[in-house]
1. I need to check one value: relative contact order of chain A, counting alpha carbon pairs closer than 8 Å and at least 6 residues apart, in percent.
2. What would the Debye equation give as log₁₀ I(q)/I(0) for the protein assembly as shown at q = 0.08, 0.15 Å⁻¹, counting only Cα atoms as equal point scatterers?
3. For the protein assembly as shown, how many pairs of lysine residues have a Cα-Cα distance under 26 Å, where the two are 8 or more positions apart or belong to different chains?
4. Please give the average number of partner chain Cβ atoms lying within 10 Å of the Cβ of each residue in A:118-129, rounded to a whole number.
5. Would you compute, from DSSP H runs of 4+ residues alone, the mean residue ellipticity of chain A at 222 nm, taking -39500 (n - 2.57) per run and dividing by the full residue count, rounded to the nearest 500?
6. In percent, what relative contact order does chain B have, based on Cα pairs under 8 Å that are 6 or more apart in sequence?
7. Which of the peptides A:212-221, A:100-109, A:129-138, B:54-63 is most tightly packed, and how do the rest follow, judged by the mean count of other Cβ atoms within 10 Å per residue?
8. Say each of B:Leu5 and A:Phe157 gets a label point 7 Å from the Cα, pointing the same way as Cα to Cβ; how far apart are those two points in nm?
Amino acid sequence: MRKLFIIIILAAFGLMLYPLIQSFSGNDHLSELATYYAQKENIEKVNSVNLVTAIVVTYRGLDTLGEVTILFLTAAIIAFFLKGPSTLRTLRPNSEIFITAARVLVPIMVMFGVYIFMNGHLSPGGGFQGGAVIASAVILMFLAFPDAPFQHKFFGFMESISGLVFVGLAALGALIGSGFLDNTILPLGTFGKLLSAGAIPVIYSFVGLKVGAELSNILNEFKSVQSDK
Amino acid sequence: MSFLLISIALGVIMLVVTGIAVFHKKLIVAIIAAGVLSLFASVLYLLLAAPDVAMTEAAIGSGLSTIIFFYVLNRIRTTNGTEDQETV
């Protein structure tokens with residue numbers, strides 16, 4: 001009886017959603033907003049090869065600021081609630097292969113994260129992706145060397161400074177340029193070079209540092225409340 | 001055509017892995033299934049020409065959140081066994 005009821009509900013849902021599938025047709029041209037972003041004169045205004053980055057940092061920069069704020073709040077709340085006594089854990093020693101691989105991979109992963117957020121305006125990627133890759137390197141370090149000290153004060157300091165610089169640069173755009181988060185406060189440079197697109201690479205580098213430090217701090221909080229009991 | 005086939009195959013695999021993540025009795029298997037789901041989702045995003053989203057999904061979805069779930073699972077287990085629950 002109950003199963004019949006569930007099946008009837010599912011069938012009703014399918015019937016309700018069927019017109020969506022039937023009337024779906026692929027989109028073979030850009031929408032109005034996308035056409036605006038992809039116009040040649042608007043691309044020359046931001047001078048960024050990766051248009052997604054230009055949209056995320058400049059046109060929709062306030063959304064990025066909101067995301068960074070949400071991440072900051074999450075990190076702060078986790079640090080507030082996860083205050084356990086740090087008990088000593090007796091862990092099984094890691095295998096030699098894993099430790100050696102981690103020694104080789106961790107610096108490369110950190111460097112790849114830095115590459116991703118520094119080249120955010122040239123290739124796919126950006127601050128959030130680079131920060132997440134850096135945090136993955138930190139995870140690997142936690143797993144391979146559980147007893148290694150973690151300078152959480154340094155990470156917190158870096159996070160605060162990066163956030164301040166991000167907001168400061170955004171406000172500088174309002175003071176000097178044409179609006180909040182305007183990227184033309186720095187010279188636009190040549191299209192396709194590393195130092196181009198105005199303030200976008202600078203802003204995204206600081207976003208990447210902030211996200212990486214924040215996620216590492218969150219992971220450290222979770223790691224520090226683990227216990228054997 | 002092959003693009004369509006690969007997309008459909010990825011979608012079917014994702015559905016199967018989602019089923020495992022929801023219905024499996026062991027929580028460890030469920031967590032790993034959720035991580036695998038994110039991995040396949042990131043490949044699908046890459047095929048759908050969204051490399052930015054694919055990078056985020058691969059790093060956060062299948063890397064960070066899986067590890068955080070494992071930390072939380074370990075924490076829940078150790079707290080359930082003992083009497084004092086002052087830190088949770």
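1. On the way: 281 pairs, mean separation 64.1, N = 229.
That works out to 28 percent.
2. One equal scatterer on each Cα of the protein assembly as shown leads to -0.49, -1.29.
3. Taking the Cα cut-off of 26 Å, the pair count is 16.
4. Values: counts 0, 0, 1, 0, 0, 2, 7, 5, 3, 0, 5, 10.
That works out to 3 on average.
5. Values: 9 runs with 150 residues, N = 229.
For chain A, the value works out to -22000 deg cm²/dmol.
6. Values: 66 pairs, mean separation 20.1, N = 88.
Relative contact order, chain B: 23 percent.
7. On the way: A:212-221: 23.4, A:100-109: 13.9, A:129-138: 26.1, B:54-63: 21.7.
With the highest mean Cβ count within 10 Å placed first, the list reads A:129-138, A:212-221, B:54-63, A:100-109.
8. 5.8 nm
Only the coordinates and a few stated rules stand behind these numbers; no lab work does. All of these numbers come straight from a predicted model, not from anything done at the bench. Neighbour counts are summed over all protein chains in view; Cβ atoms, including those assigned to glycine, are modelled from backbone coordinates with ideal geometry.
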